[in-house]
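Data first, discussion second: the structure below is written as structure tokens.
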Amino acid sequence: MNRHYVCVPLFCVLLSGCAKLPDNYGLYQEPPSPMAIVQNNTHLQSIESLIQAGKGNAAKQQADLINPSKLTRPQQVQFDLLYAQILLSFGEAEQAISKLATTETGQLAVSDKIKFYQSLAFAYSLTGNLLESAKARISLDPLLVKLDERKKNQGIILETLGLLPEASVQKTPRLPEWMSIAKILTLRSQNPANFNASLSSWRAANPDHPANIYLATVANMSDDTGDTPKSIAVLLPESGPFLDAAKAIKAGFLAAHSRHNSSGSKPMLHFYDTEKGKAADLYQQAVKDGAKMVIGPLNKESIQSLGNSTMLSIPVLALNHVPNLSKQNLYQFALSPMDDAAEITQKAALDGHKKAVLLVPNNEQGKRISSYFIEDWRALGGTILKKQTYDPNKKDFSIVIRSLLGIDEGESHHQKDQQASSDAKYAVNKSQDVQALFLSAYGKEGRRINSQLIQAGGLPIYALPTIYSGLPDSVGDNSLNGITFCDTPWLFNGAYNGELSMMALRDIWKQFPSSYIRLVAMGIDAFHLAGRLTSLNNMPYSGATGNLSLAAGNRIKRNLVCAKFAMGQPELIGFTHSPSEGDYSGAGKPVGIETPSSNP
């Protein structure tokens, strides 16, 4: 059963029927007066603004004040669309589908038609109905004006159809051609020569098909342009505290290996258990066994030991990062908060902010992350006005927030009394001109911090990706609305161009807790990096975990994509689509993004 059908009803009960339709809905009585038409248009625009701001509860309260019988027919249709979007903000996909099914799209403006089909596609994806989701996106496609938007939308269509049996669409108008090219795209990894030939034949037979817009970007493309070694040794633990992390990385690595599309044979893989031997000894054994490349080890102690103990005659791609460790033929690849802090501070700077405050947990990881934030922000010409720590185990962060923003008790009470005043809204930070807040938090504490910060007057929040579990949860993440973060492209539809997308590998990542999802993407990149290490400095690789390049000390640096929470969903900044869509089973604890280590 989809998780939305488990958690949403309880959520709605707690809200006393959060998405019940008005009792008088659908009763048309008499034509509204011209003044009423103007007032209703203003009311509908206000509801739309609240939806766009991610304020689902407020939007519903406003919508429930409307008497649909007093609306013109076009206004009723717009009201239907807005109410469907409100339902989606509560995760009520089936009710949203029912509402959209009765919407007369002919009465909608083009901009609203786009929202209609986007909402319909997303609603069907939440229920696991991939076919109907694809059909909605096909209807959406000709309405999109920007070329990049069409390419991304078509990529999602083809990716979705590629997961379905071909027989399921043969009797559906417009779909057989889409399905046939979707199946051809799956040949890219299995047989590159056949792929290019089949692609050319399809394009010749369908010169006017809209999918040619997307296909122009993939013609003659190959995921594996690097010189992959013929024999690779993989050093990972098969027991101990890092076993689950190792399994997730290995799953992604093997998925990439299985679809390796080089014209030669697949590289031979040899696995060595780091719990049964020292990293240096296993490395030497791998060399004797004929390995031309070593992937691993995973934990920092083993990497440090390997770096200190022996000359490296063949390259090593370590799966973590040890600061200040540099050695010839040693490359370090990690999902490190160093990159996360660099990306989010850059985003804040691009948004025009200069003066910020910093909120991190009161532990060793918080100290380390704090140093990254301060160093990166100063390098960008910014100023950290104040740093504050918090206890992640607590529920009330109001004292910490007041201290961080310089609010005393009297000012805080005055602020609550003046919430309706725009002049008072930002009174909390006028004294120091605070423009932004940098946050390191998991989703659980992040929701509370964001809610309590809004009560204190509001401030743009730029967070590390730990704020997001990696799985869409429009109900649970509604309290994160307004927070900006930068994260792994693999988590978002259309942001990663490789064929091993999150949707394609859903049967693999579902085997792991949500805290290990990003490590599957790391495993994918680890395999593809094996043939690219020597050229990475001049030719960055667009990977699942980011745009990868070589930094000082042979550290693999990741450039990420940025998103902002709205209506409980992280929306990629500069994109028009939602997070990777599919039949999600639920989101657990948000992921810890640094590769696990016994050293914090």
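Rounded to the nearest whole angstrom, the semi-axes of the ellipsoid equivalent to segment 79-202, taken from the Cα gyration tensor as √(5λ), stand at 30, 15, 12, largest first. Shown for segment 67-187: the carbon plus sulfur share of the solvent-accessible area, taken with all protein chains present and a 1.4 angstrom probe, equals 54%.
Between residue 301 and residue 201, the contour length at 0.36 nm per residue exceeds the Cα-Cα span by 30.6 nm.
For the full complex of protein chains and a 1.4 angstrom probe, list 442, 283 by accessible area with the highest value first.
Sorted by accessible area, descending: 442, 283.
Given axes a ≥ b ≥ c from the Cα gyration tensor, I'd like to know whether segment 433-501 is rounded (a/c under 1.5), prolate (a/b larger than b/c) or oblate. It is prolate, given that a/c is not under 1.5 and a/b is the larger ratio. Measuring between their Cα centroids, segment 536-551 and segment 60-83 lie 49 Å from each other.
Here segment 466-558 is assigned +1 on the Cβ of each Lys and Arg and -1 on the Cβ of each Asp and Glu. Its dipole about the Cα centre then comes out at about 320 debye. Among the listed pairs 55/395; 55/510; 152/183; 70/115; 115/564; 276/557, those whose Cα-Cα separation exceeds 20 Å are 55/395; 55/510; 70/115; 276/557. For segment 254-359, the dipole from Cβ point charges (+1 on Lys and Arg, -1 on Asp and Glu) about the Cα centre works out to 180 debye, to the nearest 20.
Plainly put, segment 270-420 has a radius of gyration that is 1.19 times its Kirkwood radius, both from alpha-carbon atoms, as the Rg/Rh ratio.
In the context of the full set of protein chains, residues of segment 36-158 present 38 Å² of accessible surface per residue (probe radius 1.4 Å, heavy atoms only). At full extension, residue 395 and residue 551 could sit 52.2 nm farther apart than now, given 0.36 nm per residue minus the alpha carbon distance.
Once backbone amide H atoms are built at 1.01 Å from N, residue 482 has 565, 566 as its partners under 5 Å, excluding neighbours fewer than 5 places away on the same chain. Distances between every pair of Cα atoms in segment 223-333, grouped in 5 Å steps from 0 to the bin holding the largest one, split as 2, 12, 23, 25, 20, 12, 5, 1 percent. With a 1.4 Å probe and every protein chain left in place, tell me how much accessible area residue 151 has, in Å² to the nearest 10. For residue 151, solvent-accessible area is about 60 Å². When all alpha-carbon pairs of segment 32-98 are counted, what percent fall beyond 14 Å? Tail of the P(r) past 14 Å holds 54 percent of the pairs.
The values are calculated or read from the model by the stated rules, or taken from the named source; none is laboratory data. These figures come from a predicted structure and were not determined experimentally. Heads up, the Cβs are rebuilt from the backbone with ideal geometry, glycines too, and the neighbour counts pull from every protein chain shown. Accessible surface areas use protein heavy atoms only, side chains included; no ligands, DNA or RNA. Shrake-Rupley method; radii C 1.70, N 1.55, O 1.52, S 1.80 Å.
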